[in-house]
Amino acid sequence: MCGIVGYVGKNKAIYSLIKGLKTLEYRGYDSAGVALIQNGEIISIKDKGRIDHLENILEYDKFTGNIGIAHTRWATHGIPSKENAHPHIDQNHHFAVVHNGILENYLELKDFLCKEGFSFSSQTDTEVVPVLMEYYYQKDKDVIKAFQHTLKDLRGSYGILIITPLLPDTILVAKNNSPLVIGKGCDGIYVASDVPAILQYTNYFYFLEDGQKAIIHDDVITFYDSKFHEISKQSKKIDWEMDAIDKNGYEDYMLKEIHEQPEAFKNTLNGIISAHEPIHFLEFSLDKKYLEQLKQIYIVACGTAMHAGLVGKYAIERLCRIPVIVEVASEFRYQDPILDEQTLCIFISQSGETADTIAALKLARERKAKTIAISNVFESSITREAKYTIYTHAGPEIAVASTKAYIAQVGIMVSLALYMKEVLEGVNDEIIALKRDIIEIPRLMEEVFKNEDMFKELAHRMSKETDLFYIGRGNDYHTAMEGSLKLKEISYIHSEAYPAGELKHGPIALIDKGTYVFGILTDAQVYEKTFSNLEEVKSRGANIILVTNQDIKGDNVITIPNIDPILSPILAIIPLQFIAYYIAKEKGLDVDKPRNLAKSVTVE
Ligand code: M6R
């Protein structure tokens, strides 16, 4: 969702601001803007549309200031338009503000400020911030006091940057339930909503926690807690390399990230799984007594992360016989879930900033459940909320459609299930065999990649379709769900995933002559049953594409290596990722930035 960048230093701010915004493009946005302080005043430009468009209309020569803020907006309050784009500036041109998040009490504040004689020019919630700043500034003529009063009045989530010609070398920073990082480079201080935006300037970052603020003045950063008491903060090192956020010769990030999956999987499980050592997680341990008294496990997440949770459920239930409920985060909260000390709640989020997942995690903590976060982003919000964190080391995932993070999440979930089994029963042959399979997976993924041309050809044949179906049983159904989501989010083709046995209870009515149906068949135990379901749709004229590790011959058969059904989703999803990707390419779509979507959904 919205992206934020700020800079104060020796250089002209405009270059690092625009560069930073471009790196954040993957977050999803519909308008962009910048504001700088120069010659004692605010200079700003903003518009609806892409950053390229902003660059076309801004004259670089005119933006010479050394301090500035920038923003990409993903509309929440008010349509995408120039007026609603950030930065927002008060009527006296004293304060320019960029904001990520939602201010829940903005109507109340707006009403109050209108009565006080202030005017507004946008439909956004954000605009109350510069206007409130001005309101308080007029009272005391003190910018820092105005900042303190303004923040006290705000209710909701925010990452906020404010600049003002009244303190021309200063950026005011505040965070609450919306990510913000600060990095100190050689030639200035950078602020952003996400590490990649400023990774080229430093590997050391200060991560603000909820309620914390920072005042950046020239090259000095002063941090404050929620009560505005000065605090000290340590920077943390992020080891990501710059080429991790380049396309490295690939046409799109998504294609690059699909190809990075063997590495992502290996890096994630490095140190957790080895053939002869017991499984161990650096971050935490669960003892046998705790696992024996465990009543139930909840896995809570959204979208693809939730699909990884389903694969985790399959593994935990099969291996440990502990009941697992997988819940979509936005539903979990409102179902009054039954949680206590004997419930383990696992929250999965690539970004670690998904608002619904964070809210669900807070609820689980309130109700005394033990919480584990699985995240790909160091120091992200869920990692700070949860008792324990396990990091996936997939590297930065830029494409909106999640691929390598999913593979890494599944890797962690299966390892967690194996770990719990090992704690409960000690090492046995089943565990040893599964560990061996896990170690082989990166090589087996490379085997699947060898059929990329075939996936491309299939995509070519399907690109004009309007409806596609994905079916499977057990873990194959979970793969079907993830395959279907991948397709719809980037190709805009309607698709459905169904448990294979459920088709004849309704959806089979949609199968027509020529309808494409993907059948996922990787579990020998249910193979014949699913095959019969595929025969049913075939006899109604459907075109079947099989993804299988069984010995089946035929034109539309994608063969993947045979592996335990607990792990097979890791291989079975790859052809479906490629096919979704190539269909979107055939349709000429922007694969990495699909319409209406944001990489991290920071509003509920
Ligand atoms: O960052 P998160 O893992 O919490 O994101 C959850 C979903 O928004 C995400 O997986 C989404 O479904 C992806 N676009 C799927 O490709």
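Overview of values
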| read-out | value |
| --- | --- |
| DSSP bridge pairs, the chain: antiparallel proportion in percent, nearest 5 | 60 percent |
| Over 21 Å [Cα-Cα, region 317-405], rounded percent | 31 percent |
| Under-5 Å amide H pairs with Val324, H placed in peptide plane, nonlocal only | Ile297 |
| Cβ-Cβ FRET estimate between Lys247 and Glu528, R0 fixed at 60 Å, reported to 0.05 | 0.85 |
| D (Stokes-Einstein, µm²/s), Kirkwood Cα radius, region 341-385, 0.692 mPa s at 37 °C | 322 µm²/s |
| Angstrom value of the Kirkwood radius, inverse mean 1/r, which spans all Cα pairs in region 153-272 | 16.4 Å |
| Calculated log₁₀ intensity ratio I(q)/I(0) where the Debye formula runs over C-alpha points of region 131-170, q = 0.18, 0.26 Å⁻¹ | -0.49, -0.94 |
| Efficiency of FRET between Asp210 and Lys10 - r from beta-carbon atoms, R0 41 angstrom, step 0.05 | 0.80 |
| Gain in span if fully extended, Lys450 to Lys464, counting 0.36 nm per residue against the direct Cα distance | 2.5 nm |
| Alpha carbon convex hull of region 490-604, volume per residue in cubic angstrom | 152 Å³ |
| Region 246-446: translational diffusion in µm²/s, Stokes-Einstein, Kirkwood Rh over Cα pairs, 4 °C, 1.567 mPa s | 76 µm²/s |
| Accessible carbon and sulfur surface of the chain relative to its total accessible area, %, 1.4 Å | 47 percent |
| All Cα pairs of region 25-162, percent lying beyond 26 Å | 20 percent |
| Derived scalar couplings ³J(HN,Hα) [region 265-274; Karplus, 6.51 cos²θ - 1.76 cosθ + 1.60; whole Hz; x for Gly, Pro] | 5, 4, 4, 5, 9, 4, x, 9, 10, 9 |
| Cβ-based net charge around Arg50, under 11 Å, with every Lys or Arg adding one and every Asp or Glu removing one | -3 |
| Dimensionless Rg ratio for region 3-238, taking C-alpha atoms and the 2.2 N^0.38 Å reference | 0.91 |
| R0 of 60 Å, Cβ-Cβ distance Lys152-Asn270: FRET efficiency to nearest 0.05 | 0.85 |
| For region 145-154, Karplus couplings with θ = phi - 60° (6.51, -1.76, 1.60), whole Hz, Gly/Pro x | 4, 4, 4, 4, 5, 4, 5, 4, 7, 7 |
| nm² value of the averaged projected area, convex hull over the Cα atoms of region 169-225 | 3.5 nm² |
| Pair Leu510, Arg595: separation of 7 Å Cα→Cβ label points (nm) | 1.9 nm |
| Those lysines that a straight Cα-Cα span of less than 21 Å connects to Lys236, excepting residues fewer than 8 apart in one chain | Lys175, Lys184, Lys213, Lys387 |
| Accessible surface, region 280-332, averaged per residue in Å² (probe 1.4 Å) | 42 Å² |
| Local electrostatic count at Leu510 - Lys and Arg +1, Asp and Glu -1, tallied over other residues with Cβ under 9 Å | -3 |
| Accessible-area order (highest first, 1.4 angstrom probe) of the listed residues Val423, Val143 | Val423, Val143 |
| Stokes-Einstein D in µm²/s, Kirkwood radius over Cα pairs - the chain at 37 °C with 0.692 mPa s viscosity | 129 µm²/s |
| Lysine pair number, Cα distance threshold 19 Å (strictly under), region 399-509, separation 8 or more or different chains | 9 |
| Region 548-604 pair-distance distribution - Cα-Cα, 10 Å bins, rounded % | 18, 33, 28, 18, 3 |
| Most to least packed among 223-235, 96-108, 339-351, 113-125 [average Cβ atoms within 10 Å] | 339-351, 96-108, 113-125, 223-235 |
| Compactness of region 294-335 as Cα Rg over 2.2 N^0.38 Å, two decimals | 1.13 |
| Average Cα contact separation per residue, region 3-238, under 8 Å, 6 or more apart, as relative contact order % | 20 percent |
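The values are calculated or read from the model by the stated rules, or taken from the named source; none is laboratory data. This is a predicted model, so every value here is computed, not measured. Note that we place each Cβ from the backbone using ideal geometry, even for glycine, and neighbour counts take in every protein chain shown. Surface areas here come from the heavy atoms of the whole protein model, side chains and all, with no ligands, DNA or RNA. Shrake-Rupley method; radii C 1.70, N 1.55, O 1.52, S 1.80 Å.
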